[in-house]
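Taking it in order: structure first as structure tokens, then the write-up.
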Amino acid sequence: MVGMILGFGELKETAGFSPKKPLLQQNMGKTTRVVVCGLKGVGKTAILEQLIYGNVTKTTELHSTIEDIYVASVETDRGTREKMRFYDTAGLDGGREQNQLARQYLGLTDGYVLVYDPDRSESLDALVMVKKDIDRNRDKKEVTVIVLGNRMKPTDSGSIENTTSKAMHWATREKIRHYEVNAMDRTTLYEPFVHLASKLNPPPNKSTFAQLSMVRKSVGRPDTS
């Protein structure tokens, strides 16, 4: 599965490389917009850097994010590649007011990646508030949301299991996908982002193909008048 995510860079869009596949396998249509959010220090930037470039190690120094934009070609479960723009947002502070997303993201976004640290229960509480904010402001627009529990470091397994269990139950109630990942292990990141790309880029339905076929037949029919 190595090479499933291809990076084009952040902001200046310097091309990244895949060990097995060319940078662009095929022409892609629309670019979907995905906001990545969570409390400060839960590993949002590390997840994106590892997913796209695979260059994050335990010694990698990552600075606090104000806002970065990553553009990547992500493979769907159908084998197609789709262009996605990820907005790596500044970490939330944890207060009630601070757990609201900036207004410019709401209403213009196709999907959300909500990240928490299983060792910090307050990081999950923040996501509950963020999800409510998303639902209040999406204006009937269909959006795809996934939740990532990013285990940052080895710690007390009891507290992690408790927070993760709460997160899974909450995600089930909200009807959103929950994944346990580790930003240090790139392979754990493939499944959630392939799922996200697939949900945001569904195949055309049969009625669309039928309409296109009728149009082509109509255009190609000779004038007998």
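Need one number: the % of Cα-Cα pairs in the range 32-200 sitting beyond the 19 Å mark. Each step should come with its number before you reach the end.
Numbers: 7548 of 14196 pairs.
Counting pairs separated by more than 19 Å, the tail of P(r) holds 53 percent.
Each Lys and Arg contributes +1 and each Asp and Glu -1, all at the Cβ; summed about the Cα centre of the range 32-200, the dipole is approximately 500 debye. Using heavy atoms of the protein chains and a probe of 1.4 Å, the accessible area assigned to M129 is about 50 Å². Within the range 121-144, find all residues whose amide N lies under 12 Å from a label point positioned 7 Å from the Cα of N162 along Cα-to-beta-carbon. Hits in the range 121-144 for N162 at 12 Å: 121-122.
Model label sites at S64 and K141, defined 7 Å from Cα along the beta-carbon direction, differ in position by 2.9 nm. Across the range 32-200, C-alpha contacts under 8 Å between residues 6 or more apart give a mean separation that, scaled by the residue count, equals a relative contact order of 29 percent.
Excluding K58 itself, what net charge comes from residues whose Cβ is under 15 Å from its Cβ, given Lys and Arg +1 and Asp and Glu -1? All intermediate terms of the calculation are to be shown ahead of the outcome.
Values: positive: R151, K153, R186; negative: E49, E61, D185.
With Lys, Arg at +1 and Asp, Glu at -1, the net is 0.
A crude spin-label estimate for the pair N55 and K153, with each label 7 Å from Cα along the Cβ direction, gives 2.4 nm. What part of the accessible area of the range 32-200, given as a whole %, is carbon or sulfur when the probe is 1.4 angstrom? Carbon with sulfur: 46 percent of the solvent-accessible area.
The values are calculated or read from the model by the stated rules, or taken from the named source; none is laboratory data. Just so it is clear, the structure is predicted and the values come from calculations on it, not from any experiment. Neighbour counts are summed over all protein chains in view; Cβ atoms, including those assigned to glycine, are modelled from backbone coordinates with ideal geometry. Surface areas here come from the heavy atoms of the whole protein model, side chains and all, with no ligands, DNA or RNA. Shrake-Rupley method; radii C 1.70, N 1.55, O 1.52, S 1.80 Å.
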